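Written out below as structure tokens is the structure these notes cover.
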Amino acid sequence: CISFTSGAGRFPEPLAAARKADPGRDGRGSLLNPAFDDDPRDTATPLAMARLLERIFTGKALSPVGTKLLTEIMERNTTGKARIRGRLPQGIVVAEKTGTIGGSLNDVGVITLPGDGGKIVLAVFIKKSRNPFDSREAVIADIGRAVYDYYLLERRR
């Protein structure tokens, strides 16, 4: 069990010590890391994540209270500003969860279309990429916009 009140202020201390002991630590977080990138453990597929999000957002995975809470948390996410939501029109609601480690840069989310357009579940995983971090984020943003535009056009037909 983790207590967020009694342990307040404790996490930054070991992190600061680790950074002091290894000044290059933070910069390696977005570089290729074969030990991680080639390890089959602790992985999922984009399809599996999309199915999980669909179950969560349709109320089939959690209680109504849990569904509402998780949805609100994902809608408040700020780490993905340049990913799925990066090229979407201002005001479009995106509930998302990002992931970044080694050469992997991911984003999974639910885009709410305007009006009664419904929701789109999207999962984009980039793995073992040597491209710069910003370029990888731009690819995810481009995919998010292409999917968004496609569903808006399909709705009009």
Failed criterion for SER104 (all others in (1) over 18 Å from LEU47 (Cβ atoms); (2) in contact (Cβ under 8 Å) with a residue 40 or more places away in the chain; (3) not hydrophobic (A, V, I, L, M, F, W, C) hold):
(1)
Please list, ordered by first then second residue, the pairs with beta carbon atoms under 8 Å, 6 or more apart or interchain, first in the range 129-157 and closer than 11 Å to ILE84 by Cβ and in a helix (DSSP H, G or I), second open to solvent by 60 Å² or more (accessible area, probe 1.4 Å) and modelled with pLDDT of 95 or more.
ALA141/ARG87; ASP142/ARG87; GLY144/ARG87; ARG145/ARG87
Pick from the range 91-107 the residues that are β-branched (Val, Ile, Thr) and touching a Gly at 6+ places or on another chain (Cβ under 8 Å): which of them is surrounded by the most Cβ atoms within 10 Å (Cβ to Cβ)?
VAL94
Given the conditions (1) within 27 Å of ALA35 (Cα to Cα); (2) in contact (Cβ under 8 Å) with a residue 40 or more places away in the chain; (3) surrounded by 13 or more Cβ atoms within 10 Å (Cβ to Cβ); (4) not β-branched (Val, Ile, Thr), which single one is not true for LEU88?
(1)
Here are ALA123, ALA50: which of them is assigned to a helix (DSSP H, G or I) and under 15 Å from VAL147 (Cα atoms)?
ALA50
Give the range 118-128 a look and list any residue that's open to solvent by 20 Å² or more (accessible area, probe 1.4 Å) and free of Cβ contacts under 8 Å to residues at least 60 places away in the same chain, or say none.
GLY118, ILE126
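The values are calculated or read from the model by the stated rules, or taken from the named source; none is laboratory data. If you're wondering where the values come from, they're calculated on a predicted model, not measured in any experiment. Here the Cβ is made from the backbone with ideal geometry for all residues, glycine too, and neighbour counts use every protein chain on show. Side chains included, ligands, DNA and RNA excluded: accessible areas come from the protein's heavy atoms. Shrake-Rupley method; radii C 1.70, N 1.55, O 1.52, S 1.80 Å.
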